[in-house]
Amino acid sequence: MTTNSQTTQSSSFKQHVVSGVKRLQPYKPGKPTDELARELGLDEASIVKLASNENPLGPSERVRTALVNELDQTSRYPDGNGFVLKQVLAQRLGVDVGQITLGNGSSDLLDFITRVFVNDGDEVVMSQHAFAVYGLVASVVGATCVTVPAKNYGHDLTAMAKAITDKTRVVFVTNPNNPTGTWNTRDELSDFLKAVPSSVMVLLDEAYFEYVDEPDYPSGTEFLNDHPNVVVTRTFSKAYGLASLRVGYGISSLEVADLLNRVRPPFNVNSYAQAAAVAAIQDTDYVARSVVMNQQGMHMLTQAFAELSLAFIPSVANFITFELPASHNASDVYQALLQHGVIVRPVASYDLPNYLRVSIGTPEENTRFIDALKACLQA
Ligand SMILES: *Cc1c(COP(=O)(O)O)cnc(C)c1O
């Protein structure tokens, strides 16, 4: 049987693929700028990428300096325990160093929590329109994802608490949520946490925490004392402008942090990321400027949507999701925007079929987007 040994060999290992991976679809990131530049034969600098909620200011001076200073240590392994970064974070957050778990991006923490707490056949609960990575990490370990219908595009925390069964191990709550930009109040979260059994973990994803300016918006860390089953995750990828370096963290009770750190790969956060994150935390002016620019950009975009009679989901984050009228197909408009050198994010896979998500850019980038959108809608 030498003739078809190739096929036999290549398919023989497929039977061993773990069941959660068999049905897995890889995460679809925003289209990279250089990819579109190659496709259209354009200069990369002429492309506006508003697809991944990155910080449009670019890295701060202090971060650049920290990165250059780190170059000499390139041949050395990073500090596997992230001593300095954890010290600076703990001090800033008013928590014990032992409560922090560093991640290669905060996405790493989503993987840790499912690997620690979720077995094959268990359930995780999440909201409709929530971040796609929750479904991915849960599927890998063989869990069933229970998706709870959204209320006004946001998390219906009452319904999510009711969806918890004996098999539920983790509930994912995104505050504010991506891609809808919706958020939950302190009272809503407090009531929710009281309703969740203490044996069920709650992952409170606060990737856009720094952008929110609402008096009733809570810091998840407020709940840690009363609820040792909570893990709050934050990231340096958004307001801190370090998306390429992959660094985020979890804040939890000491017991939970100890468990999460057991599955954390050694050296998961590299030296450049650690040094840049320390510099970024201290650069409060950069974050403040980012937030102001975001508020102004949000105003610009919502004005433009109103002018174009486009419905949008009010957002407290650094992106906004808008609806195309029935006369226009979102994926056609996405493609047409690409032709104008503007990359936004299709969100059909988030159960928002005729919507697009756009990140808030610099004033110039926002103008490019608005002009291109007008041209696409008139075409
Ligand atoms: C961007 C984002 C993250 C952060 O991902 P990193 O791995 O830290 O870059 C986490 N959760 C949500 C909802 C996000 O949108």
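What follows is calculated from the coordinates using simple rules that are stated; it is not laboratory data. Keep in mind it's a predicted model, so treat the numbers as computed, not measured. Counting neighbours? That spans all protein chains shown, and the Cβs are built from the backbone with ideal geometry, glycine included.
Some values worked out for this structure:
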| read-out | value |
| --- | --- |
| Residues K86, K14, sorted so that the one with the fewest Cβ neighbours within 10 Å comes first | K14, K86 |
| Relative contact order of the chain, pairs being alpha-carbon contacts under 8 Å that are 6 or more residues apart, as % | 23 percent |
| Rounded, prolate or oblate (a/c below 1.5 giving rounded, otherwise prolate when a/b exceeds b/c) for segment 260-326 by Cα gyration tensor | oblate |
| Extension reserve of the R92-L57 stretch, reckoned as 0.36 nm per residue once the Cα distance is removed | 10.3 nm |
| GNM flexibility winner over the chain from L40, L324, L102 (Cα, springs under 10 Å) | L40 |
| Gyration tensor (alpha-carbon) shape descriptor, segment 5-106, a/c threshold 1.5 | oblate |
| Burial ordering of Y350, Y211, Y240, fewest other beta-carbon atoms within 10 Å first | Y350, Y211, Y240 |
| ³J(HN,Hα) computed for each position of segment 328-334 - Karplus, 6.51 cos²θ - 1.76 cosθ + 1.60, integer Hz, glycine/proline x | 10, 8, 4, 6, 5, 5, 4 |
| Highest-first arrangement of 307-320, 165-178, where packing means the average Cβ count within 10 Å | 165-178, 307-320 |
| 3J(HN,Hα) from dihedral phi, segment 344-359, Karplus parametrisation 6.51/-1.76/1.60, rounded to Hz, x for glycine, proline | 10, 10, x, 10, 4, 6, 9, 6, 10, x, 9, 10, 10, 10, 10, 7 |
| Rounded FRET efficiency, nearest 0.05, which uses the C-beta distance separating D34 from Q378 and R0 of 30 Å | 0.55 |
| FRET efficiency, 1/(1 + (r/R0)^6) with R0 22 Å, evaluated for D166 and K194 via beta carbons | 0.70 |
| Segment 143-156 - phi-based ³J(HN,Hα) in whole Hz, Karplus 6.51/-1.76/1.60, Gly and Pro as x | 7, 8, 8, 9, 9, 9, x, 6, 10, 6, 6, x, 5, 9 |
| Net lengthening on full extension, D332/V17 (0.36 nm per residue, minus Cα-Cα) | 109.8 nm |
| At R0 = 35 Å, FRET efficiency that the Cβ-Cβ distance of S349 and E307 yields, to 0.05 | 0.75 |
| Evaluated at q = 0.14 Å⁻¹: base-10 log I(q)/I(0), Debye formula over Cα of segment 105-210 | -0.47 |
| Three-way shape label, the chain, alpha-carbon gyration tensor, a/c 1.5 | rounded |
| Exposure proxy ranking, count of Cβ atoms within 10 Å, fewest first, for E35, E70 | E35, E70 |
| Alpha carbon convex hull of segment 227-343, volume per residue in cubic angstrom | 185 Å³ |
| Whole-Å semi-axes of segment 165-277's equivalent ellipsoid (Cα gyration tensor) | 24, 20, 11 |
